[in-house]
Amino acid sequence: MSTRRTAQIVGCVAATVMLCAGPATATPSVSGPLAPANPHLGPVGTSTMHGDAGSSDVTPLPGPGTGPHEVTAFPMMAACPTVLQGSDGMIVSLCTTMIGQIPTIHLIDPKADATPLGRSVAQLPLAKGSLLGGVYAYLDNENRLVAVDGNRQLVRISHAQNPDGSWRLELADVIDLSGAVAADDNVTGLAPDWDGNVWFATGHGTVGYVGADRIAHSIALPEGEQVQNSISTSPTGTAVATTHALYQLKRSGDEVVIDWRQPYDRGPARNPGQLSWGTGSTPTYFGPSTGSDFLTIVDNAHPTVSLHVYRADTGAEVCTQPVLAAASKDGSPSGSENSPVGIGHSVYVAGTYGYPYPTTPEGAGPAVPATAPFNGGMTRVDIDPVGCHVVWDNTIRSSAVPHLSTADGSIYTVTRDGNPSTSPLDGYSFAVIDSKDGSQIGSTPLPSTILNDTLQMSALITESGEYFQGTISGIVRVRAN
């Protein structure tokens, strides 16, 4: 949603199905490095919602391939937008309960027998914040979940096994951010930098970090600029996209300083299928040399959105490229609520214009128009010596944040099946896309109905090649059969 979070619908689903689809393998076709691993994060590809500190949505791990697949739905009675895996193989998910909308951490043993809550072997509730607060989190290099709760506390949650074989989650550390985060505000983005500082951004536009002194140092961005997506870090700085501009910030002494700022076209209003009036992108670092040469977002221009690519070191614009044209051939506008996928010279953008979110954050403002068909679409843009160009453009209706595997060259996501007008009865399918030409090379039906809506949430590709996708009622697992 960049990935976003919601849990306003109640219900429960449990199903296990065995299904086959497509050929057995894909051909790797991805070139370009990832940024150096952040030493303060867990494993590359599995410790943040977007795969790494730079939010590339790229993983070095192979996915479950094009089929056949085994699909299992784990009911959690909660929406699960954050699904992460540590170096010990345990999965840590931050979910929001359907009843009460309480953020709850689930520890999941992917090898354990099924329990009443899927494979959740321990749970720990957190203080409730806003709809867009307290869900972006990451696993640090000690396998601790790092998050900010509704009480404006930076918490680190560890897990351990008891002598009797059971598991527990416990509060390992807490730092008060109330001196930097106002009582009516919430942290919406969180990421560590390469020096171990924990950076945060709030919905009302405060950006700061917590360092070794355990004190929150922050600045306020211009009045009226909101931060409604997560943030990203690289060796060059910390990237924050507001509803008006893209920033890179740095630490200078104890102060937070703006390295550069680039405004973008935020359009006339919030688009249907987006959760704020502005970009829907968590900024993505990528590049052919260091893995973080460039920084990119998608704007909110009307009627056609564009991808913007900037040099990370200077903020100079490299190129601007309109995207998602294939899905807008009938004259409908385009838009994207998802973080772009970036690797080497290539960026992949998924369209969300018209996606039917059941609720929006407070202060998001009305969408114009109020509703629209969900046409989807996905575009690959490559950077070249004189700018950038579209390599392919398709009409695939992705209903989750796509993830690209450099191990097998495939883009993994979930598609929404049915008519563009959408319906609570729409189905969903696990989809595999060839990153080279944009063709769909695999498709396996998932449990259907609104209770399994993936709601543009992000997935996890595990160390064993399994795909764990959050839904509004739990988690769906896809693995090679």
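Estimated at the nearest 10 Å², the accessible area of His40 is 60 Å² with a 1.4 Å probe.
Per atom type, the chain shows carbon and sulfur on 53% of its accessible surface, probed at 1.4 Å. What the Kirkwood sum gives for segment 167-261 is a hydrodynamic radius of 13.6 Å, with every pair of different alpha carbons counted. May I ask for the distance between the Cα centers of segment 216-268 and segment 343-406, given as a whole number of Å? Distance between centres, Cα-based: 22 Å. Can you give the FRET efficiency to the nearest 0.05 for Ser464 and Gln262, using r as the Cβ-Cβ distance and R₀ = 45 Å? Efficiency for this residue pair is about 0.65. Ranking Arg270, Arg251 by solvent-accessible area of protein heavy atoms (1.4 Å probe, all protein chains present), from largest to smallest, gives Arg251, Arg270. Eigenvalues of the alpha-carbon gyration tensor of segment 227-321, scaled by 5 and square-rooted, set the equivalent ellipsoid semi-axes at 23, 15, 11 angstrom, largest first.
With all protein chains kept in place, the per residue accessible area of segment 58-480 amounts to 32 square angstrom at a probe of 1.4 angstrom. As a calculated quantity, the FRET efficiency between Asp164 and Asp88 at R0 = 22 Å, using C-beta atoms, amounts to about 0.75. Restricting to Cα atoms and excluding each atom paired with itself, what does the Kirkwood estimate give for segment 43-103 in Å? Value: 13.5 Å, from the Cα pair sum. Rounded to the nearest 0.05, what FRET efficiency is calculated for Ile102 and Ser252 with R0 set to 51 Å and r the Cβ-Cβ distance? Rounded to the nearest 0.05, the efficiency is 0.85. The Cα-based radius of gyration and maximum Cα-Cα distance (Dmax) for segment 281-407 are 14.7, 43 Å.
In plain terms, the C-alpha convex hull of segment 98-227 casts an average shadow of 9.4 nm² when viewed from every direction.
With one equal scatterer per alpha carbon and no solvent term, the Debye-computed log10 I(q)/I(0) for segment 416-481 at 0.13, 0.21, 0.22 1/Å reads -0.39, -0.97, -1.04. Do you know the relative contact order of segment 30-171, to the nearest whole percent, from alpha carbon pairs under 8 angstrom that are 6+ apart? Result for segment 30-171 is 18 percent. Note on segment 323-390: Cα convex hull, mean projected area over all directions, 5.8 nm².
Over all alpha-carbon pairs in the chain, figure out the percentage whose distance exceeds 36 Å. Summing the P(r) of the chain above 36 Å gives 19 percent of all pairs.
Ordering of 330-341, 304-315, 157-168 by packing is 330-341, 304-315, 157-168, highest average first (other Cβ atoms within 10 Å, averaged per residue).
When DSSP beta bridges are restricted to pairs lying wholly in the chain, around 95% turn out antiparallel. Computed over segment 58-480, relative contact order equals 15 percent, with contacts defined as Cα pairs under 8 Å that lie 6+ residues apart. Fully extending the segment from Leu171 to Ala112, taken as 0.36 nm per residue of separation minus the present Cα-Cα distance, adds 18.9 nm.
When the surface is traced with a 1.4 Å probe over the full set of protein chains, Lys436 keeps roughly 110 Å² accessible.
The values are calculated or read from the model by the stated rules, or taken from the named source; none is laboratory data. Source: prediction; values computed, not measured. Using ideal geometry, Cβ is built from the backbone for each residue, glycine included, and neighbour counts are taken over all protein chains shown. Keep in mind that these areas ignore ligands, DNA and RNA; they rest on the heavy atoms of the full protein, side chains included. Shrake-Rupley method; radii C 1.70, N 1.55, O 1.52, S 1.80 Å.
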